[in-house]
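The values are calculated or read from the model by the stated rules, or taken from the named source; none is laboratory data. Owing to the predicted nature of the structure, the values given are computational and were not obtained by experimental measurement. So basically every Cβ, Gly included, is an ideal-geometry build from the backbone, and we count neighbours across all protein chains shown. The protein model used for the area step is the full one, side chains on, heavy atoms only, and it has no ligands, DNA or RNA in it. Shrake-Rupley method; radii C 1.70, N 1.55, O 1.52, S 1.80 Å.
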Amino acid sequence: MALKPQLGFKAKVFRYVLFVGVLLLAAYAGMRYGQYQQEMQLAKNAQLSQNQIQSSQQRLTALEQEKALLAQQLTVVGAERDALKRELSTLLQDAAATRETLSFFESLLQSNDRSRLASFVACELQTLAPDRIGYRLLLVQGTDKTTELSGRLQLNLQFLVGGKKQSIALGDDVSPVVSVKHYHRAEGEFKLPENAVGPMLMDVRFVEAEGKKILASCQKKI
């Protein structure tokens, strides 16, 4: 037979208070642990967001650098393209000059009129502007002629103004003497008066330096 002591009122109250205190302490500890876990999760989420932002900034920086590099490459390509255009233009001009030179020498070879001292193998007339007409001439000696020729070029351009014929003359008896050794080129332009219209006829003569004898002549109409 065992005997248990009978707890007094104060002991019961102390036990109850102790039990409630333990419960409150456990609840407080659980609350603090939950707050700690929440703070840790928030810190983790914040770190992840910061990492994502840094990664996005790094990708943006890389894209900007790539954009700048592409812009530089595009500039270089544009400069190379412009250089190629200029080179192509120069080559085309050289080719045109070569064709003109070839045509010139072909004209010299074909000009085999032994009966003449000289002749015009090129006698060209073209409109440069409404008030300007350009001309180009190529005078060559006969292929078996070696003596240098001296003479004066005389040009006359006829046109219409108000239905009436008018003309412009270039060169006369006191013009500078032209010396021709194998060939001679001449080019220039006529300054037309206002309201001048065609048809236009150019008459060209190469006359003796001392005298009126015509050594060569040509006509061109446009």
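Taking the criterion of being without any contact (Cβ under 8 Å) to a residue 40 or more places away in the chain and of a type outside the set (A, V, I, L, M), the residues of segment 200-222 that qualify are Glu210, Gly211, Lys212, Lys213. Looking only at residues of segment 186-222 that are more than 11 Å from Cys123 (Cβ to Cβ), among the small types (Gly, Ala, Ser) and surrounded by fewer than 18 Cβ atoms within 10 Å (Cβ to Cβ), we find that the one that is modelled with the highest pLDDT is Gly188. Checking each residue in segment 208-222 for being within 50 Å of the chain's Cα centre (by Cα) and part of a strand (DSSP E or B) picks out Leu215, Ala216, Ser217, Cys218, Gln219, Lys220, Lys221. Considering each residue of segment 72-88 in turn, none proves to be out of contact with any Cys (no Cβ under 8 Å at 6 or more places or on another chain), at pLDDT below 85, open to solvent by 80 Å² or more (accessible area, probe 1.4 Å) and not aromatic (Phe, Trp, Tyr). Confirm whether Ser167 is among the small types (Gly, Ala, Ser) and free of Cβ contacts under 8 Å to residues at least 24 places away in the same chain. Yes: the conditions hold for Ser167.
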